[in-house]
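Okay, structure first, notes after.
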Amino acid sequence: MNREKTQVEAEKTVLSRFPLVMFLVLIVLSIVCTFLARGDGPAAGEAAVTRWISNNSLFFVDFFASISDPLLTDLSAPIVFTLLVLIVWRLWGRYPAVILGLAGAFTGLTRIGDLVHRPRPTSTGEWIEYSFGNGGYPSGHVIFSVLIFGTIWILSTRYTSVLVSKLIGLGFLAIVVLTCWSRVSELEHWPLDVVGGLFISSAALILINFTNKVLPNLISESSSLRQLLGLDKEV
């Protein structure tokens, strides 16, 4: 009996440390990708991969891109994000909306593109000189998709049924995969821009998930902040 209990406790310890290990691994990978992205040209094989993806894109990927691209521009993305926050607030309450708002703040990671000075591919998949304000690393669409829709999925695991949460999770994965592929197939980004965006935003998503779990426990039961965030209604 004691042996089984010890084994269970050991498994719980491993599981509790897994997010931290994944976070550190993703940070290291993000740094590696960022250094690679600072080169004077595409990474080895990157140009060939970009052209292959562009030439072999499926029709439903192009259709997805035609819908998603206009919704995630610098002007429209804040509007889409605001609508999603309001929907989450209406369905699940103030605290989930605050967590989603925090995820939105992390999308500012897309602004490191001008620090890396990495140009986007041309319409023929060629490398050109960097022009200020047109940085391609990391992909903003990928970071937005992972952080915003990933946070909605995380929240759904608590505020919806198991079935609905699984459907939202599948939708989240589909959006991320289609976004990653379409950003390259549409020649808006190099593969390294997409991979770097995945690593960076996934690390940030782990932080969002951690905050979502621990923040309620850090706020005193008597604090007015609990009521402000709607935590007084939490079961």
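Could you check how many residues of the range 82-103 are aliphatic (A, V, I, L, M) and in contact with a Lys or Arg (Cβ under 9 Å, 6 or more places away or on another chain)?
1
Being farther than 18 Å from Val146 by Cβ, among the aliphatic types (A, V, I, L, M) and without any contact (Cβ under 8 Å) to a residue 40 or more places away in the chain is the filter here; which residues of the range 68-93 pass it?
Within the range 68-93, Leu75, Ile79, Leu83, Leu86, Ile87 meet the criteria.
Looking at Leu173, is it more than 29 Å from Ile53 (Cα to Cα) and in a helix (DSSP H, G or I)?
no
For Leu26, work out the one condition from (1) modelled with pLDDT under 95; (2) under 18 Å from the mean Cα position of the chain (by Cα) it doesn't fulfil.
Failing condition for Leu26: (1).
When the range 135-151 is examined, which residues are found to be part of a helix (DSSP H, G or I) and either under 18 Å from Phe64 (Cβ atoms) or among the basic types (Lys, Arg) (or both)?
Gly140, His141, Val142, Ile143, Phe144, Ser145, Val146, Ile148, Phe149, Gly150 - these are the residues of the range 135-151 that are part of a helix (DSSP H, G or I) and either under 18 Å from Phe64 (Cβ atoms) or among the basic types (Lys, Arg) (or both).
Please go through the range 142-185 and give me each residue that is charged (D, E, K, R) and surrounded by 19 or more Cβ atoms within 10 Å (Cβ to Cβ), ordered by number.
Scanning the range 142-185 gives a single hit, Arg183.
Taking the range 82-124 on its own, how many of its residues are closer than 25 Å to Thr34 by Cβ, at pLDDT 85 or above and surrounded by 13 or more Cβ atoms within 10 Å (Cβ to Cβ)?
9
Using beta carbons and a limit of 6 Å, which pairs, at least six apart or on different chains, have the first residue in the range 214-229 and within 22 Å of Leu155 (Cα to Cα) and the second one at pLDDT below 70 and outside any loop (DSSP other than H, G, I, E, B)?
What qualifies is Arg226/Asp232.
Can you name the residue in the range 45-60 that is surrounded by fewer than 16 Cβ atoms within 10 Å (Cβ to Cβ) and aliphatic (A, V, I, L, M) and is also nearest to Gly125 (Cα to Cα) among such residues?
Among those that are surrounded by fewer than 16 Cβ atoms within 10 Å (Cβ to Cβ) and aliphatic (A, V, I, L, M), it is Ala48.
The values are calculated or read from the model by the stated rules, or taken from the named source; none is laboratory data. Owing to the predicted nature of the structure, the values given are computational and were not obtained by experimental measurement. Cβ sites come from the backbone with ideal geometry, for glycine too, and all protein chains shown count toward neighbours.
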